[in-house]
Amino acid sequence: MRIDEPDAIDLDASGLRIAVVTAMFNASVTLGLRRGALEYLEEASAEEILLVDAPGAFELPVIALKLARKGYDAVVCLGAVIEGETDHYDHVAGRTSEGLMRVQLDTGIPVAFGVLTVRDRTHAETRAAPGPENKGREAAIAAVMAARALAAID
């Protein structure tokens, strides 16, 4: 059975402790991502949901590392890096992605990448809008799926 078939996806988060870390830079976007993630995690009956604010996307990896080491089953990282007139976008987006990947590989705890990397603010706002296409929601689903897959392997 393929994982993209609805019956094959275990979307039940009961018994899971999930941390959601949200970058406050571009908060008008990232808070929409957080709402989407929380909506899903509550629907899926997560045992514990911890909300943590980060200054920006660049700080997400170190906070995710601490949470992974604290015993959370998964960490959902949310942020919005929007291209501007400088190279700042390239540095932040790339380093954040690399850092979050390193956290999950070093700890064995899933870290969902819910960081928007977009060229235009309207693209970010669209992806953070309420509904099933909300990228925060999708990141939370990915975190639960990965946590369940790892548990099944054990």
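The values are calculated or read from the model by the stated rules, or taken from the named source; none is laboratory data. This structure is a prediction, so every number in the text was calculated from the model and none was measured. Neighbour counts are summed over all protein chains in view; Cβ atoms, including those assigned to glycine, are modelled from backbone coordinates with ideal geometry. Accessible surface areas use protein heavy atoms only, side chains included; no ligands, DNA or RNA. Shrake-Rupley method; radii C 1.70, N 1.55, O 1.52, S 1.80 Å.
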Scan the stretch 97-120 and report the pairs whose first residue is over 18 Å from residue 25 (Cβ atoms) and whose second residue is outside any helix (DSSP H, G or I) and open to solvent by 60 Å² or more (accessible area, probe 1.4 Å), with Cβ atoms within less than 9 Å and a gap of 6+ or a chain change. 101/113
Checked the stretch 83-111 for anything buried (at least 19 other Cβ atoms within 10 Å of the Cβ) and either under 17 Å from residue 135 (Cβ atoms) or touching a strand residue (DSSP E or B) at 6+ places or on another chain (Cβ under 8 Å) (or both); matches are 92, 93, 96, 100, 103, 104, 109, 110, 111
Kindly indicate whether any position in the stretch 76-85 is of a type outside the set (Lys, Arg) and part of a helix (DSSP H, G or I). no
Considering residues of the stretch 42-66 that are in contact with a strand residue (DSSP E or B) (Cβ under 6 Å, 6 or more places away or on another chain) and small (Gly, Ala, Ser) only, the residue nearest to residue 101 (Cα to Cα): 64
Can you pull out the residues in the stretch 47-75 that are outside any helix (DSSP H, G or I) and over 15 Å from the mean Cα position of the chain (by Cα)? 47, 48, 55, 70, 71
Only unsatisfied item for residue 47, checking (1) closer than 18 Å to residue 148 by Cα; (2) modelled with pLDDT of 95 or more; (3) open to solvent by 60 Å² or more (accessible area, probe 1.4 Å), is (2)
The stretch 112-145 - residue that is more than 22 Å from residue 55 (Cα to Cα) and not in a helix (DSSP H, G or I) and, of those, least open to solvent (accessible area, probe 1.4 Å): 131
